[in-house]
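Derivation of every value follows stated rules applied to the coordinates shown; laboratory data play no part. In this text, all values refer to a predicted model and were calculated from it rather than measured experimentally. Virtual Cβ from ideal backbone geometry, glycine too; neighbours counted across all protein chains shown.
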Amino acid sequence: MILVTGAAGNVGSHLVTQLLDAGEKVRAVTRTPGNRSFPEQVEVVPGDLTHRDTLAEALDGLERAFLFPVSTGLDAFLEAARLSDLQHVVLLSSSTVTGRPAFTYAQWAAHRAAAFGGRR
Ligand SMILES: NC(=O)c1ccc[n+]([C@@H]2O[C@H](COP(=O)([O-])OP(=O)(O)OC[C@H]3O[C@@H](n4cnc5c(N)ncnc54)[C@H](OP(=O)(O)O)[C@@H]3O)[C@@H](O)[C@H]2O)c1
């Protein structure tokens, strides 16, 4: 099973569909489970990426995650992840990181990637 954060968003919703089509099981985390609609195969759990203590259920028992780059920072998720079994995180970044590295957004995206030691 793969944890998908930002699963209701522009990127995450397509990722959920593609993972299900590929035969993967998906757990989606959202701040408002009652207000979000996901495919019925998706396990939906509450959680806020900016509040570490809300993420234990989302991370429970999982080794892989797709990480939405919440604009206020990744620290809370990373702190929770370090207490979990998570092994593999894919961070949604931006092609500007390599294509326009002097661009302010690219620098921000690169900084976020560096925050968890990930590859671009
Ligand atoms: N759109 C693109 O093509 C694209 C490409 C590259 C990079 N990006 C970057 O990705 C980000 C936007 O992606 P997007 O367009 O897919 O976003 P979006 O459509 O705005 O979707 C937002 C998603 O993030 C979740 N989310 C936001 N804050 C959260 C929080 N604190 N805790 C838990 N979930 C939270 C929302 O979940 P709930 O509201 O259900 O909690 C929702 O599923 C930006 O940083 C952008 O620069 C986007």
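Some values worked out for this structure:
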read-out	value
FRET efficiency for Glu57 and Arg100, using Cβ-Cβ distance with R0 set to 35 Å, rounded to 0.05	0.35
Net charge over other residues, Cβ less than 14 angstrom from the Cβ of Glu63 (K, R count +1; D, E count -1)	+1
Note, ³J(HN,Hα) from phi for region 92-101, Karplus 6.51, -1.76, 1.60, rounded to Hz, x at Gly and Pro	6, 10, 8, 5, 5, 4, 9, x, 9, x
Fluctuation leader among Val11, Val29, Val45 - the chain, Gaussian network, Cα springs under 10 angstrom	Val11
Spacing of the two label points (7 Å from each Cα toward its C-beta) at Arg82 and Glu24, in nm	2.5
Loop chymotrypsin sites (Phe, Trp or Tyr not before Pro), region 42-120, which have at most 16 other Cβ atoms in a 10 Å radius of their Cβ (DSSP)	Phe103, Phe116
Net charge over other residues, Cβ less than 15 angstrom from the Cβ of His51 (K, R count +1; D, E count -1)	-3
Nitroxide proxy distance, nm - points 7 Å out along Cα→Cβ at His14 and Ser37	2.0
Neighbour count of at most 15 Cβ within 10 Å plus DSSP loop: longest GluC sites (Glu not before Pro)-free window in the chain	64-120
